[in-house]
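Every read-out reported here was derived from the displayed coordinates using simple, explicitly stated rules and does not represent laboratory data. In this text the structure is predicted, and so the values were computed from the model without any measurement. Cβ placement follows ideal geometry from the backbone for every residue including glycine, while neighbour counts extend to all protein chains displayed.
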Amino acid sequence: MENTIAGYFLSFAPVQHLADSLGVGFTSFLIFFAFCTLFLVILATVGGFGTIAERKISADLQARIGPNRVGPYGLFQLIADGIKMISKEDIMPRSADKFLYYLAPFLSLFGVVCTIAVMPFSKNLILTDLNVGVFYAIAISSLVGVGIFLGGYASNSKWSLLGGMRGASQIISYEIPVTLTIMMIVLIAGGLSFNTLVAEQAGMPWNWYIFHNPFTFIGFFVFFISTLAETNRAPFDLPEAESELVSGYHTEYTGIRFGLFALAEYIEIFVVSAVSVSLFLGGYHIPFGLLEGTFSNEILQFGSLFLKTCALYYVVIWVRWTFPRLRVDQLMSICWKYLTPIAIFNLVGTAIWIVAFDGRSMFDLFFGSGVH
Amino acid sequence: MFANILFSVSSLLVISSCILMMWTKNLMHSCVYLLGVLIGVAGLYLTLGADFVAATQIMVYVGGVVILMLFAVMLTGGKDYQSQTQKILNLFPSMGNKYTFMWGVGVAFVFGCTLIYFFRNLFSVIKVIESDDSYTPTIERLGELLVTDHLVAFEISSVLLLGALVGAAIIARPRKERPAFIDDIVDDHHHDEEHH
């Protein structure tokens, strides 16, 4: 209970009064319920705005204007899109596997949403700081792959099947460089919980793990490329390659079921960006320890994480509209012949660095004790 | 309290998915129900305070094994299998003939008696679990033990994984000579170009 959001809020006086009258167990349940709902709503909104950002930024990169009719700068386009999705007819192919067809989008979304449980939005705004936090996040997000594969299989269409198979093989393959790179950071931080991983990166940007040693610097790019592939983003969007597979695993899906797949994808990009920010780019930390120990500090930390994550989100979209799509064989050879060996090399290199320099960072070595 | 809720939900998930998995005749659906069983078992591990084992359960089985099984079933044709049993036994999915069923009933009887013997004190055990609400993280102890007391087992399992990796690489290695059908395709292509 100490490392959860309920434990944090129970330390405030008004909540304690509530706990006295309602009982600690029920109050913690209420706090968990409220914040689960809140984070879910925030992430769904972020996912919705992700579609707008995608369209606006792609328009910018292609010298177009993009959606600009609904609301100021077309910002309310997501509401129009949402209403359109819900009100569209829900069509199912006659020869589809009914049970799996209905299940697949939910599995996909479930895998993404479950990772919110360990998302470190700030030091205390984390639903639960599990001891196996980052491991849990990798494990539960593999449900997305099952969802994509089942979606492709159940539609009973050749395009969907090819897309689903590509999706599953791609996600399984790229899990290896991702996990190896996370292992590197775990080695430096000495723990799997997100607060442990972020703790040492407090203060100035040179304390971030990306600048800890040369191997982590390479590791960040390995991680970023692999997560692009894991979230099926271009240039790795082979499971939904428009020019060859119509729309891949969700070709046959209509209405809100397609919407759930799309939402899962956009939320996953945000979650994955937040994980890379937490692992490499200082997480929720703000410099100079502003307003230490107050609730405003938590809000500032949340803002810090959110800004960095949105910056990374922009890069993801930017990459999508800049690079052409890879072929399947190129995709696999990048994973197995380049990223995985580099990740193993990084892991070994980091281990040697920690032994050789007693776990000190580059900045620490060059400029004495470093600034904390 | 929380442990009890988690236990009830997980065991309900395990039992219901298990029954459905056995009952359905579609192999693909069986695999998906198996997913429910495995997630439920992960929940049961959590009630016992084994957080790392629970996460590993999801990681290995959901992320790897179930996807592999789905692939295997799909590639071998996961269609509805007609029941291959004899008249009265048609109710059950294909498990064999009447002799295998007779053997099965016999073994189940012996096994059931043994289980009842073991679990005759079940209700007193449950009371002990209810009173135990403490939770200690296991991952630090696991990490320590893996590189001290159980180092040999750890290293040997890594050799096993290396063997699997090398084996996969050898199987997937491209052959030197080109298969005949590629030559055909290339020839056809040349012919087409000549016609144009």
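The mean number of Cβ atoms from other chains found within 10 Å of a Cβ in peptide A:138-146 is 6, as a whole number. Here the gap between A:L290 and A:I176, fully extended at 0.36 nm per residue and compared with their Cα-Cα distance, gives a gain of 37.2 nm. Consider a paramagnetic label point 7 Å from the Cα of B:L142 along Cα→Cβ; state which residues of region B:54-68 have an amide N under 13 Å from it. Within reach of a label on B:L142, which here means backbone N under 13 Å from a point 7 Å along Cα→Cβ, region B:54-68 contributes B:54-61. In summary, the helical segments of chain A meeting the span-like criteria, namely a full DSSP H run, a Cα extent along the axis of 30 angstrom or more and a mean Kyte-Doolittle hydropathy of at least 1.6, are A:255-280.
Taking amide hydrogens as placed 1.01 Å from N in the peptide plane, the amide H of A:T4 sits under 5 Å from those of A:D129, each at least 5 positions away in sequence or on another chain. Averaged over the residues of peptide B:143-151, the number of Cβ atoms from other protein chains lying within 10 Å of each residue's Cβ is 0. Starting from the Kirkwood radius over alpha-carbon pairs of region A:211-337, derive D by Stokes-Einstein at 25 °C in a medium of 0.890 mPa s and give it in µm² s⁻¹. After rounding, the answer is 148 µm²/s.
Calculated FRET efficiency, A:A59 to B:A72, Cβ-Cβ distance, R0 = 41 Å: about 0.40 to the nearest 0.05.
The relative contact order of region A:1-159, computed from alpha carbon pairs under 8 Å that lie at least 6 residues apart in sequence, is 25 percent. Here the label points at A:A34 and A:V319, each 7 Å from Cα along the C-beta direction, are separated by 3.8 nm in the simple model.
Note on B:60-66: average number of Cβ atoms from other chains within 10 Å of each residue's Cβ is 5.
Relative contact order of region A:91-363: 26 percent, from C-alpha pairs under 8 Å at least 6 residues apart in sequence. Ranked by the mean number of other Cβ atoms within 10 Å of their residues, highest first, the peptides A:69-81, B:53-65, A:121-133 fall in the order A:121-133, B:53-65, A:69-81.
Counting 0.36 nm for each residue step from A:E89 to A:F221 and taking away their Cα separation leaves a gain of 43.3 nm. Working from the Cα coordinates of region A:142-196, the gyration tensor eigenvalues give, after taking √(5λ), semi-axes of 33, 11, 5 Å in decreasing order.
From most to least packed by mean Cβ count within 10 Å, the peptides A:310-319, A:274-283, B:150-159 give A:274-283, A:310-319, B:150-159. Could you tell me whether the protein assembly as shown comes out rounded, prolate or oblate from its Cα gyration tensor? Rule is a ≥ b ≥ c as square roots of the eigenvalues, rounded for a/c under 1.5, then prolate if a/b exceeds b/c, otherwise oblate. Here the protein assembly as shown falls in the rounded category.
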